[in-house]
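Take a look at the structure below.
The values are calculated or read from the model by the stated rules, or taken from the named source; none is laboratory data. Note that the structure is predicted; figures quoted are calculated from it, not measured. Backbone-built Cβ (ideal geometry, glycine too); neighbour counts: all protein chains shown. Accessible surface areas use protein heavy atoms only, side chains included; no ligands, DNA or RNA. Shrake-Rupley method; radii C 1.70, N 1.55, O 1.52, S 1.80 Å.
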Amino acid sequence: DAGVIQSPRHEVTEMGQEVTLRCKPISGHNSLFWYRQTMMRGLELLIYFNNNVPIDDSGMPEDRFSAKMPNASFSTLKIQPSEPRDSAVYFCASSSGAPGPGYTFGSGTRLTVV
Amino acid sequence: GESVGLHLPTLSVQEGDNSIINCAYSNSASDYFIWYKQESGKGPQFIIDIRSNMDKRQGQRVTVLLNKTVKHLSLQIAATQPGDSAVYFCAENMREYGNKLVFGAGTILRVKS
């Protein structure tokens with residue numbers, strides 16, 4: 001299995017532009033998580049899905065952020081409009097249920113908003 | 001103005017020595033804990049886990065200890081190697097919030113050869 005696949009690996013965009021981050025979870029995993037990692041706040045859970053349904057989006061910082069999971073093999077995290085303070089590494093993780101050894105992270109997308 | 005970031009604690013150990021990384025967790029109702037290792041440019045990687053009904057669990061070269069009385073978790077790495085250099089995070093599973101993993105700030109481990 002290729003693991004959790006995120007794209008792009010790096011994204012540099014100008015303030016005000018729309019940014020879309022993509023994630024392909026491990027096949028068969030029914031839970032998907034989006035995290036943001038910054039030096040200021042560490043690793044924060046933004047939103048998670050169970051069977052493609054958003055369960056908890058309390059970590060989404062504001063309305064500029066949205067996430068979708070149209071099917072079991074794909075999810076997006078969108079920021080519109082982007083701001084410099086959104087610069088961070090965004091991780092996607094997937095699991096087959098409750099957290100466990102199978103809770104696997106992708107390699108992340110490093111977003112820089114200038 | 002100058003931004004203030006997380007000041008991660010750093011543990012420096014000599015190659016071959018044992019390492020102990022500590023973590024305090026917040027929720028006494030958390031029922032499951034995981035240690036992750038994060039190398040530069042990579043996502044966190046699972047190391048070892050422990051359930052709240054246990055106080056010790058051993059893996060290959062790693063041991064996790066759980067003290068629920070003081071809400072403290074530790075990761076012991078035996079015979080630390082240069083490849084162990086990374087940031088280590090503990091995470092607690094907050095079951096009452098729908099199996100939500102909450103991560104600690106992390107500890108930097110530096111192994112000197």
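Numbers below:
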item	result
Which of B:Ile108, B:Ile20, B:Ile34 is most accessible, then next, and so on - probe 1.4 Å	B:Ile20, B:Ile108, B:Ile34
Unsatisfied cross-links (Cα-Cα over 28 Å) in the set A:Lys24/B:Lys71; B:Lys71/B:Lys100; B:Lys37/B:Lys100; A:Lys78/B:Lys68	A:Lys24/B:Lys71; A:Lys78/B:Lys68
Positive dipole terminus of chain A, leading residue within A:Gly106, A:Ser82, A:Met60 (C-beta point charges)	A:Gly106
Cβ neighbours within 10 Å from other chains - mean over B:57-63	0
Using a Förster distance of 41 Å, the FRET efficiency for A:Asn52-B:Gln58 (Cβ separation, nearest 0.05)	0.65
Under the Karplus curve 6.51 cos²θ - 1.76 cosθ + 1.60, θ = phi - 60°, whole-Hz ³J(HN,Hα) for the stretch B:11-25, x wherever Gly or Pro sits	10, 10, 10, 7, 3, x, 6, 8, 10, 10, 10, 10, 8, 9, 9
Average partner coverage of A:42-52, which counts Cβ from other chains inside 10 Å	3
Within-11-Å neighbourhood charge of B:Gln14 [Cβ basis; K, R +1; D, E -1]	0
Rounded to the nearest 10 Å², the accessible area of A:Met69 at probe 1.4 Å	20
In order through the stretch A:78-87: 3J(HN,Hα) via Karplus (6.51 cos²θ - 1.76 cosθ + 1.60), integer Hz, x for Gly, Pro	10, 10, 8, x, 7, 10, x, 6, 7, 4
Spin-label pair B:Ser74/A:Arg9, simplified geometry with 7 Å Cα→Cβ offset, distance in nm	3.8
Formal net charge of residues neighbouring B:Leu109 (Cβ-Cβ distance under 9 Å; K, R +1; D, E -1)	+1
Exposed trypsin sites (Lys or Arg not before Pro) absent - longest run of chain A, DSSP non-H/G/I/E/B, at most 16 other C-beta within 10 Å	A:65-114
Around B:Val87: net Lys/Arg minus Asp/Glu count, Cβ-Cβ under 14 Å	+1
Per-residue SASA entry for B:Val111, accessible area with 1.4 Å probe, Å² rounded to 10	20
